Amino acid sequence: MKAIKIITAAALIIMMTAFSSFAKDNKTNQKSSLKKVLAKEISYPEFAIETEKEGAVFVQFTINEEGKIIIENMNYEDVTLGDYVKEQLSKVVIDNTDTAIGSTHAMKFDFKLMQ
């Protein structure tokens, strides 16, 4: 009887560890997938290249049930780059299989000209 309890406890520990590992991997994959989606949508804008504008835009956002990005906070060095990122994010619809709905994300978009 004692052996059965020990085996059962060991099995539970193994299952919990495996689930925890899966959850971490899944979260990492979701972040990576979200980054890829947003990288396709937000490129260096032509107006910034022509005027040699550089800067960074920091965005904190959630994704609602429809897959739309809801910006919670933004910080940027250049207003036109901030407005550009805001406009581009408003057009994006995230597939709910790509990331967890309702979770908060933070992302930095760097706009630097190559020398």
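Each reported figure results from applying straightforward, stated rules to the coordinates on display, with no laboratory input. What you see is a predicted model, and the numbers here were worked out from it, not measured in a lab. Cβ: placed from backbone, ideal geometry, glycine included. Neighbour counts: every protein chain shown.
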Worksheet entry | Karplus-derived 3J(HN,Hα), 6.51/-1.76/1.60, for each residue of the stretch 59-73, Hz, glycine and proline x | 10, 10, 8, 10, 10, 7, 4, 7, x, 7, 7, 10, 6, 9, 7
Worksheet item: Which aspartates and glutamates have a Cα lying under 20 Å from the Cα of LYS112, excluding residues fewer than 8 positions away in the same chain?
Response: GLU41, GLU46, GLU50, GLU52, GLU54, GLU77, ASP78, ASP83, GLU87
Fill in: Karplus 3J(HN,Hα) series, Hz, for the stretch 34-40 with 6.51 cos²θ - 1.76 cosθ + 1.60 (x for Gly, Pro)
4, 4, 5, 4, 6, 5, 5
Worksheet entry | Cα→Cβ-extended label distance, 7 Å offset, between GLU54 and LYS35, nm | 2.2 nm
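Can you tell me what the convex hull of the Cα atoms of the stretch 32-111 projects to on average, as an area in nm²? Spell out each step's value before the answer.
Working: hull surface 19.0 nm².
One quarter of the hull surface, i.e. the mean projection, equals 4.7 nm².
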Response to the item:
Counting sequence-distant residues (5 or more places) and residues on other chains, those with an amide H built under 5 Å from that of SER103 are ILE63
Discussion item. Testing the spin-label approximation: label points 7 Å from Cα along Cα→Cβ at LYS68 and MET114. State their distance in nm.
Written reply: 3.7 nm
